[in-house]
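Heads up: the structure comes next, in C-alpha cells.
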Amino acid sequence: MKFELPELKYKYNELEPHIDEMTMNIHHTKHHATYVNNLNAASEKAPEFYRQSIEELIKNLAEVPEDIYWQVRNNGGGHLNHSFFWETLAPENSDNYPYARKREVVDFIEKTFGSFEKFQQALKDVALKRFGSGWVWLVLDKAGMLHISSSQNQDSPIMDGYVPLMGFDVWEHAYYLKYQNKRGDYIDALWNVVNWNVVEKRFLEGKIGG
Ligand code: MN3
C-alpha cells in the first residue's frame, strides 16, 4: 500500500493572515507531496515496510534496509511531521484559545513551565536556536513529563520514544514568503492557529497510553 498526501480540513487561505495562502498551497502540494512521492519510490525496494502505518515505519526505522534508510528517514519523517502539523493547526476560532475551556494539557503546561507565557517564550527560544532546518516540539516523555525539544531536518520525536503533542515547522519553506528571515514573528503568529482540541486529545491519549 502506498502512502497518500492527506487532504487538509481547511482551505489554504483559512489560516490567513497568520500563514498566507501561497505558503500553505506550496507547502502542501509541493513540499509535502514530494516527501510522499519519494517515500513511495523507496517502497519498490522494500515493499514489506509499506504494510505498516507511517508512525510504525518511523518507529521501526532501524529495520529499514541501509540502501533506502535515509530516503525513508527523511521522506517518511517529512510525511509524518507534515501530516501532524496540518492537524495541529486550525482556522482562527475558539479552538485556538487555550483557555476557552478547561484543558488538562494547558494546566500541565503552566505547572511545568511556570506560566503559559513562559512556555511560549521557551518554545520560541528553542525555535530560534534551531540552526538550519527542523522542527520545535512539545512532547511527553515516558514518565509523563512535558518537554520542549527540537529536531533537525525531518526527524520526529517518536524516533526517540517521545509522544509529540504539538510541532512547529521551522524550515524556511514554512514561512519565508511572508516572514522572510523573521522566524520569531512566524512563531508568534502560529499561536493564533493552534488547534488546542487536538493538542489536548494527544495529551490525554499519550498520558493513558504512556
Ligand atoms: Mn515543511
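Rule-based calculations on the coordinates, nothing more; no lab input. Since the structure is predicted, the reported quantities are computational estimates derived from the model, not experimental observations. Using ideal geometry, Cβ is built from the backbone for each residue, glycine included, and neighbour counts are taken over all protein chains shown.
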Exercise for review: Step through the residues of region 202-207 one at a time and calculate ³J(HN,Hα) from phi using the Karplus curve (6.51 cos²θ - 1.76 cosθ + 1.60, θ = phi - 60°), rounding each to whole Hz and writing x for Gly and Pro.
Suggested key: 4, 5, 5, 5, x, 5
Practice item. Mind pulling the angle between the C-alpha long axis of helix 116-129 and the longest principal axis of the chain? Nearest 10 degrees, somewhere in 0 to 90. Key: 40
Check your understanding: What percent do you get for the relative contact order of the chain when only Cα pairs under 8 Å and 6+ apart count?
Key -> 24
**Study point:** In order through region 80-95: 3J(HN,Hα) via Karplus (6.51 cos²θ - 1.76 cosθ + 1.60), integer Hz, x for Gly, Pro
**Key:** 4, 5, 6, 4, 5, 4, 4, 6, 6, 9, 7, x, 4, 6, 5, 5
Check your understanding: Which value results when the Cα radius of gyration for the chain is divided by 2.2 N^0.38 Å?
Key -> 1.00
Practice item. Sort out for me the Cα centre separation of region 83-159 from region 1-57, rounded to whole Å. Key: 21
Study note, to complete from the structure: Ordered by number, the trypsin sites (Lys or Arg not before Pro) in region 1-83 that occupy a DSSP loop and have at most 14 other Cβ atoms within 10 Å are Lys2, Lys9, Lys11
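Among the chymotrypsin sites (Phe, Trp or Tyr not before Pro) in region 128-210, which ones are in a DSSP loop with at most 12 other Cβ atoms within 10 Å of the Cβ? Mind listing them?
Here the chymotrypsin sites (Phe, Trp or Tyr not before Pro) that fit, given the DSSP loop and packing criteria, are Phe131.
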Revision key, fill the gap. Farthest towards the positive end of the dipole of region 37-173, among Leu140, Ala122, Pro65 and with Cβ unit charges of +1 on Lys and Arg and -1 on Asp and Glu, lies the Cα of Ala122
Review point. When the helices in the chain are scored as -39500 (n - 2.57) per DSSP H run of 4 or longer and the sum is shared across all residues, what 222 nm value do you end up with, to the nearest 500 deg cm²/dmol?
Key: -13000 deg cm²/dmol
Exercise for review: Name the residues whose placed amide hydrogens come within less than 5 Å of the amide hydrogen of Trp171, ignoring near sequence neighbours (fewer than 5 apart) on the same chain.
Suggested key: Gly134
Check your understanding: So which trypsin sites (Lys or Arg not before Pro) in region 111-179 end up in coil per DSSP with only 14 or fewer other C-beta atoms within 10 Å?
Key -> Lys142
Study note, to complete from the structure: Looks like region 74-170, by Cα gyration tensor root eigenvalues a ≥ b ≥ c and the a/c under 1.5 rounded cutoff (else prolate when a/b is bigger than b/c, oblate otherwise), is prolate
Practice item. Starting with the fewest neighbours, write out Leu138, Leu177 ranked by other beta-carbon atoms found within 10 Å of each beta-carbon. Key: Leu177, Leu138
